[in-house]
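Single-structure report; data block below.
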Amino acid sequence: QVQLVESGGGLVQAGGSLRLSCAASGSIFNINNMGWYRQAPGKQRELVATMTSGGRTNYADSVKGRFTISRDGAKNTAYLQMNSLKPEDTAVYYCNAVLVVVGVPTDYWGQGTQVTVSS
């Protein structure tokens, strides 16, 4: 079992920066992907950025050039560096990890951390 704990959310002004962290604990030996999703009021949860254990990244078009995902060497912590924040980035940000065990991918989610960007 995997537990994910996000931190780093908060209130920032437009143009500012935040760095989110997601620490994975538990049975983390086979984490494949880690990433970040977000959900704003009235909208569906959307992909923000993901990174595979091999370093392949995937970003939403809306954050390319502004957000950067990274993982530590042990692949047990994911980070999301968010620069040039815009009010439309306001959302609850969720950490995601995918574990594949015996060929079965399983998603794990953190509790979410609120990011609010004021104009």
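The values are calculated or read from the model by the stated rules, or taken from the named source; none is laboratory data. Please read these numbers as outputs of a predicted model, since none were measured by experiment. Please note: Cβ atoms are built from the backbone with ideal geometry, for glycine as well, and neighbour counts cover all protein chains shown. The accessibility values were calculated without ligands, DNA or RNA, using every heavy atom of the protein model including side chains. Shrake-Rupley method; radii C 1.70, N 1.55, O 1.52, S 1.80 Å.
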**Fill in**
Sites removed, the longest contiguous part of the chain containing no DSSP-loop trypsin sites (Lys or Arg not before Pro) with at most 12 other Cβ within 10 Å is 65-119
**Percent of beta bridges antiparallel (DSSP, the stretch 44-113, rounded to nearest 5)** = 100 percent
**Prompt:** For 100, 2, what's the largest-to-smallest order of accessible area, 1.4 Å probe?
**Reply:** 100, 2
**Request:** Between 35, 54, 103, find the one with the highest GNM mean-square fluctuation for the chain; connect C-alpha pairs within less than 10 Å.
**Result:** 103
**Item:** Residue-by-residue Karplus 3J(HN,Hα) for the stretch 80-90, coefficients 6.51, -1.76, 1.60, Hz, glycine and proline x
**Value:** 10, 8, 10, 10, 6, 5, 10, x, 6, 7, 4
**Complete:** Amide H neighbours of residue 85 at under 5 Å, excluding residues fewer than 5 places away on the same chain, with H built from the backbone geometry, are 15, 16
**Message:** Once neighbouring chains are kept in place and the probe is 1.4 Å, which whole percent of the accessible area of the chain is contributed by carbon and sulfur?
**Reply:** 49 percent
**Cα point-scatterer Debye curve for the stretch 3-65, base-10 log of I(q)/I(0) at q = 0.18, 0.28 Å⁻¹** = -0.85, -1.38
**Complete:** Accessible-area order for 46, 6, 88, largest to smallest, probe 1.4 angstrom, reads 88, 46, 6
**Request:** Would you mind pulling out the separation of the Cα centroids of the stretch 87-108 and the stretch 12-43, in Å?
**Result:** 8 Å
**Item:** Fluctuation leader among 44, 81, 13 - the chain, Gaussian network, Cα springs under 10 angstrom
**Value:** 44
**Message:** For q values of 0.15, 0.17, 0.19, 0.21 Å⁻¹, compute log₁₀ I(q)/I(0) with the Debye formula on a Cα-only model of the chain, without solvent.
**Reply:** -0.61, -0.77, -0.95, -1.13
**Message:** Per residue, how much accessible surface does the chain expose to a 1.4 Å probe? Answer in Å², no decimals.
**Reply:** 51 Å²
**Two-decimal Rg to Rh for the stretch 48-92 - Kirkwood Rh, Cα set** = 0.99
**Fill in**
Which of 49, 40, 78 fluctuates most in a GNM of the chain (C-alpha springs under 10 Å)? That residue is 40
